[in-house]
Amino acid sequence: MKPFEDLKAPHFTVEYQGTTFTYASPKLGEASFDFLAQTIRGKDPSACRTILICQQNSEAEHLKSELAGRDVNTILLEADDPMAHQVLLLWSKGYIHQALILCDPMLNFLEGFEVNFVIHTTLPPLKKFEERLERLSKSEIKAEMLVITAQSGENEVSEIKPKADMGESPKIEVNGSPKMESKPDPEVQLPPQNKSFKDIKPVVKMDPKYLQNLSEKDIEMFKSSKDGKAQMEAFAKAVFYPSGPFSGIKDFNSPVALERIPKPLDDIQLDENKDQSSLKVDDFMEKFLKLGYVKSQNPETPNLDQEPSSLKVEENMAIMLPKCSPSKVESPPKHFPAENLSVLSSKYPTQTSEVELQSLLMACRLQSAPQGLKPVPSPPIAPIGESLSLKLPPDLGGIDDTNSLDSYQSVEDSPLASTEDSLTAGGTTVYNYGVLAWSRQVVVPCYDLGGVAGISNTLRNAIHQLGVAKSRAKAVQRFAWPHVSSGKPVIVVGNMQIGKTWCYLPIFCQRSHEELQRRPVDGHGPTSIFVCFSQSQGNQIGRWMGSLLRSLGNEVALEEVVTCWDKDKVADIACRLSQPVGILLTSVDLLLQLLSHHSKKSPIFDVRAVKYIALDNLNDMVRLLPDDTMKVLKRLPEMFDFAQNKCQLFVSGRNWLNDLMVQRILPLMPDVLILFDDALEASIYGGVELDTRIVPDEQKVKHLVAVIRDTNLAEERTVVVCSSAAEVLLLRHTLEKIGIDVQTCISEACYPQVTQWRRQSLACLLLVTDDVVTKLRCGSITLLIHYSWSTSWMRFKNRFSLFYDNYKAIPQWQRGQSVIFARETDVDAIWLMSDFLLKHGLPRPTHLLNILAQRRLAEPLHPAKLKLCHQMTAYGDCLRNSCRYRHQMWRPEVLPPDHYPTKGEIRFTVLACNSPANLSVRLNEQFPTMAHFLNVPMTNLGQQVQRHYELEENRHRHPSPVRGERAVVKNLNRYERVVILEVENSKVTVQLLDTSIEVLSYNASQVYICEKIFKDQPREAMEVRITGLEPGSLDRIWPEDVRNVVRNQFFSRTQNRRSREFFAVVQATIKDTIFVRDVYDCEGNDLRTFLTNRFRVYQEKRCLDKLIRMVQSSVPKPCPISH
């Protein structure tokens, strides 16, 4: 495994009964935690489920803390944690990707769960180790095992050298590192239950010694020969085909083979104490790079588009160098001086060398492009620290996850779009480190903060102390930091916990601090504005800001951060902004209020002083406060100048909201860099058409044939993705039987066939598995067919990375289509897909939502679930992904109270607006308003209750509240009747009866006995709901600001309009709810039109039919089960 070689950890590997055991002995202390962190990062979290097993809880807690300091997120599970089983369930389904840390008592919970990689952080006693393996063996797959053993002082990596005699073999010790002994020991201690050595294949891997493979004759040839081809052949042979005097072993009693492992060029550690061979390699490297550069200018250089089998050594090495067109071949052009090659051939290559190399090669490419012609795409670049494989064609290089360095970069200059309104027409598209990046500027990623211009050392140290980018930057940060530091805006879209906020927070804080030091004291307003969606998120960001700004110091007596989270303190904050401040940290709704306080007479924002604005987690702002967010986005360009070198805008979010981005955000961001860490979100940006079809297993082949029947496979490239290699092989066999040609790719060994399929435009389907998708390069495709769902949602989203070559601002009809075959039983995946479609405003997937609704009705009836699901009573179905309530009505629940209207017109006073489609009302004819108390209309009964309980002698505490009983409580200085819903310990849950239908919670001591004269009176407050009017999300929760707009504008209750009367026509009355078609005011304005003209709402025409079916399917209430 790669981390072992990188960290020089002595290790050996054995195989037993299909399970691989790797015993590693990293150095003690910090090095051991570095080793574990890099090992975990080397695994794909979406495909590999990793657990770390400790012996003690204190050890597990310490391990989690150390890994967190190394940017490795883990979850610690304890046996007494009530949520442990739920976390394991989500982890097993792929919704949680962090590695799990647990102790031996938790292993019982793992039975039946799939585990791919197990790390034993310490080696327990033999009996305990046997128990571990027995429990882990119950998994369906064989997990790879890594055992961390103690390293003694004398067992250093340098001692394990290929200098042992052929009669020596390492002694394998479980609690230590391999040791060399003169004779093999037949009593070798191996993993438990090993009874023979027949199936064991020991392998001890050693670091390569490239310089020892390079003979004196070869080095002289490098220095003297003018034949560049011979030089590169000899060099490649020495580097990529090392040979030695060691041979493999046939059985355990023979000497162990010491295999050489090829490593990247920058991993060769050149010691100053080495002999002349080190100097010779230095001279050779400089000469080799110059030669390769000149060679790349030679018109006889072979074409990289030829078949992989014809690729030769020198051709593979040549792709490391740029293709330029200097005037003379004999010497490099002036803009590529020979002294610049020192970056590549230094004895100790630094991590920042990668940035310099990328910039150098990109500059060479741009300067050498002929005038008037489109720039030619550059060949793949292999940065310092990244290996270059000779076996794979360059367009099929691997793409690793966020933490991987071994990735392939493809840079394309896109042609201009045919549509003039394309804001992302032209520019550069880059896919590297699992991230899709688009910009009109040259995109050059960095390695860490050391490769970012303008970041001070003190700020860099403060960032590292916060645990950010200690070893290297995360994937999106590697692209964002160089771009943002150059004064340009950025948009980051991706999953949670990928470092989106930190893409711009360091630059945001440093530049805001620098601007504040230069501002005049007599100015006003903030230098920067940072907008969050909630106070909890803002508090964390505020702590980060405080740490970063304290490291920079403050030479002026001005506030560096002003936070605003309280609506009641907006006026005070406006006064504090009357003088210059650094950063204003607030939420979107409070920023809107502050903007409303701004005027020419009393300004609180200086347009010229505001240099940076960040909208963090924009998708949550749109989801929770869509109206306020849109108002802010309209006000920002009216107040601030977002032209180049004026005000810089940063945006991050979980979703790419296409209409919002195109209409409101992108026009404010010249020279923007757009980053996607989520391939499915990028498909919205790329205009991919999504089509989900419900297909039974036995009809999948038939539907697949129907989809491709009218497709010209030679021109319309079609890829079919399956979840496993077995499914690919079975599908190929079935399709070949009916005469359909296919090409398959189930492993990296099949990549050459994919290259042939792409380059020769073979008229056949390409069948692939999820395992190869992230590394696959199949070019631009027209149709992507998901033959089956992935094992996890993350793996499903990764499939859409196959469309990345399509996103080059080409016409819409060429941007691709994705057809998804789903089964009715794939309810979890169907819910996720439906939620994705609704969040992005795509056509409502009615056929998928029907499956979700039917799933709830098909659930077994549990009498213990006494509460009826609120979504069922409001909409006739339930679309929640997880719901613990009952979804079938008891017949006694169907009938409404006797005094509720069931038909005809009703006129009422609105007591409260619970949501835009749900009201608390009082019928004017039955319960006329007699007075107003604290701005609330009161009837005769309400007045009597208030006067009676105002007297202390009339208030008697309820001795034992009972569910269903009526009582009296004090609510907002008013005494009101309530019905008791639930009693738990000393908490009593009640519902108001006369002034609202709100549910409140009280202590038992705050509940009073309801007098008989008041107890028998009917409830006055009724629930009115507009039929079929619902928000556009699956949770069906209305945003708070939308409710406030309806409450303050449509149902405004000013001094002159306190007694407004509304009317509606009853459609049905079920339980305690009156369903109406619409609500009208006295002027004839209707609420449905008011909502649909202002907000994105959904109108379900079948809602009444669903409610009728719910009533018809009601059953008698079962008798309670006695114990």
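Residues in the range 8-30 that are open to solvent by less than 40 Å² (accessible area, probe 1.4 Å) and among the aliphatic types (A, V, I, L, M): 9, 14, 24. Taking the criterion of being over 30 Å from the mean Cα position of the chain (by Cα) and small (Gly, Ala, Ser), the residues of the range 1021-1049 that qualify are 1021, 1028. Within the set 1024, 1007, 1045, the sole residue that is under 16 Å from residue 917 (Cβ atoms), out of contact with any Leu (no Cβ under 8 Å at 6 or more places or on another chain), at pLDDT 90 or above and of a type in the set (A, V, I, L, M) turns out to be 1045.
Yes/no matrix, rows are residues, columns are (1) acidic (Asp, Glu); (2) more than 20 Å from the chain's Cα centre (by Cα); (3) surrounded by 14 or more Cβ atoms within 10 Å (Cβ to Cβ):
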site: 645; (1), (2), (3): no, yes, no
site: 654; (1), (2), (3): no, no, yes
site: 659; (1), (2), (3): yes, yes, no
site: 662; (1), (2), (3): no, yes, yes
site: 665; (1), (2), (3): no, yes, yes
site: 680; (1), (2), (3): no, no, yes
site: 694; (1), (2), (3): no, yes, yes
site: 708; (1), (2), (3): no, yes, yes
site: 713; (1), (2), (3): no, yes, yes
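Would you point out which residue out of 854, 817, 871 is closer than 28 Å to residue 792 by Cβ and open to solvent by 60 Å² or more (accessible area, probe 1.4 Å)? The conditions single out 854.
Residue 587 meets all of the listed conditions (1) over 28 Å from the mean Cα position of the chain (by Cα); (2) among the polar types (S, T, N, Q); (3) open to solvent by less than 40 Å² (accessible area, probe 1.4 Å) but one, namely (1). Does the range 1063-1077 contain at least one residue that is at pLDDT below 95, of a type in the set (A, V, I, L, M), exposed (fewer than 15 other Cβ atoms within 10 Å of the Cβ) and closer than 28 Å to residue 936 by Cβ? No, the range 1063-1077 has no match at all.
Any residue at all in the range 93-113 that is under 26 Å from the mean Cα position of the chain (by Cα), in a helix (DSSP H, G or I), surrounded by 17 or more Cβ atoms within 10 Å (Cβ to Cβ) and in contact (Cβ under 8 Å) with a residue 40 or more places away in the chain? Among the residues of the range 93-113, at least one is under 26 Å from the mean Cα position of the chain (by Cα), in a helix (DSSP H, G or I), surrounded by 17 or more Cβ atoms within 10 Å (Cβ to Cβ) and in contact (Cβ under 8 Å) with a residue 40 or more places away in the chain, which makes the answer yes.
Tallying residues that are without any contact (Cβ under 8 Å) to a residue 12 or more places away in the chain and either within 23 Å of residue 91 (Cβ to Cβ) or assigned to a strand (DSSP E or B) (or both) within the range 5-49 yields 0.
Going by what's in this entry, would residue 838 be described as under 22 Å from residue 1032 (Cα atoms) and out of contact with any Asp or Glu (no Cβ under 7 Å at 6 or more places or on another chain)?
Yes, satisfied.
Condition check: free of Cβ contacts under 8 Å to residues at least 24 places away in the same chain, surrounded by 15 or more Cβ atoms within 10 Å (Cβ to Cβ) and within 45 Å of the chain's Cα centre (by Cα). Does residue 999 satisfy that? So residue 999 does not fit the description; no.
Checked against the criterion of being open to solvent by less than 30 Å² (accessible area, probe 1.4 Å) and either at positive phi or touching a Phe, Trp or Tyr at 6+ places or on another chain (Cβ under 6 Å) (or both), the candidates 74, 50 yield just one match: 50. Only one of the numbered conditions (1) within 25 Å of residue 722 (Cα to Cα); (2) open to solvent by 30 Å² or more (accessible area, probe 1.4 Å) is violated by residue 846, and that is (1). Here residue 607 passes the criteria (1) open to solvent by 20 Å² or more (accessible area, probe 1.4 Å); (2) in contact with a helix residue (DSSP H, G or I) (Cβ under 7 Å, 6 or more places away or on another chain); (3) part of a helix (DSSP H, G or I) except the one numbered (3). The single condition among (1) farther than 30 Å from residue 89 by Cβ; (2) of a type in the set (Gly, Ala, Ser); (3) in contact (Cβ under 8 Å) with a residue 24 or more places away in the chain that residue 739 does not satisfy is (3).
Could you look through the range 31-42, keep only residues that are within 24 Å of the chain's Cα centre (by Cα) and among the small types (Gly, Ala, Ser), and pick out the one that is surrounded by the most Cβ atoms within 10 Å (Cβ to Cβ)?
Result: 37.
Just wondering, is there one or more residues in the range 1016-1029 that are without any contact (Cβ under 8 Å) to a residue 40 or more places away in the chain and either loosely packed, with under 15 Cβ neighbours inside 10 Å or not hydrophobic (A, V, I, L, M, F, W, C) (or both)? Yes, that holds for at least one residue. When 503, 446 are checked against the criterion of being buried (at least 24 other Cβ atoms within 10 Å of the Cβ), within 20 Å of residue 552 (Cα to Cα) and of a type in the set (A, V, I, L, M, F, W, C), 503 stands alone in meeting it. The condition of being in contact with a helix residue (DSSP H, G or I) (Cβ under 9 Å, 6 or more places away or on another chain) and in contact (Cβ under 8 Å) with a residue 60 or more places away in the chain holds for only one of 762, 784, that being 784. When residue 989 is tested against (1) open to solvent by less than 70 Å² (accessible area, probe 1.4 Å); (2) closer than 30 Å to residue 625 by Cβ; (3) touching a Lys or Arg at 6+ places or on another chain (Cβ under 8 Å), exactly one condition is not met: (3).
Residue-level analysis places residue 570 among those that are farther than 30 Å from residue 1034 by Cα and modelled with pLDDT of 90 or more. Scanning the range 914-965 for residues that are of a type in the set (Gly, Ala, Ser), loosely packed, with under 15 Cβ neighbours inside 10 Å, closer than 27 Å to residue 982 by Cα and in contact (Cβ under 8 Å) with a residue 12 or more places away in the chain returns a single hit, 964.
The values are calculated or read from the model by the stated rules, or taken from the named source; none is laboratory data. A quick note: this is a predicted structure, and the numbers were derived from the prediction, not measured. In this analysis, Cβ positions are derived from the backbone assuming ideal geometry, glycine residues included, and neighbour counts consider all displayed protein chains. When the accessible area is computed, the model is the full protein with side chains, heavy atoms only, and any ligands, DNA or RNA have been set aside. Shrake-Rupley method; radii C 1.70, N 1.55, O 1.52, S 1.80 Å.
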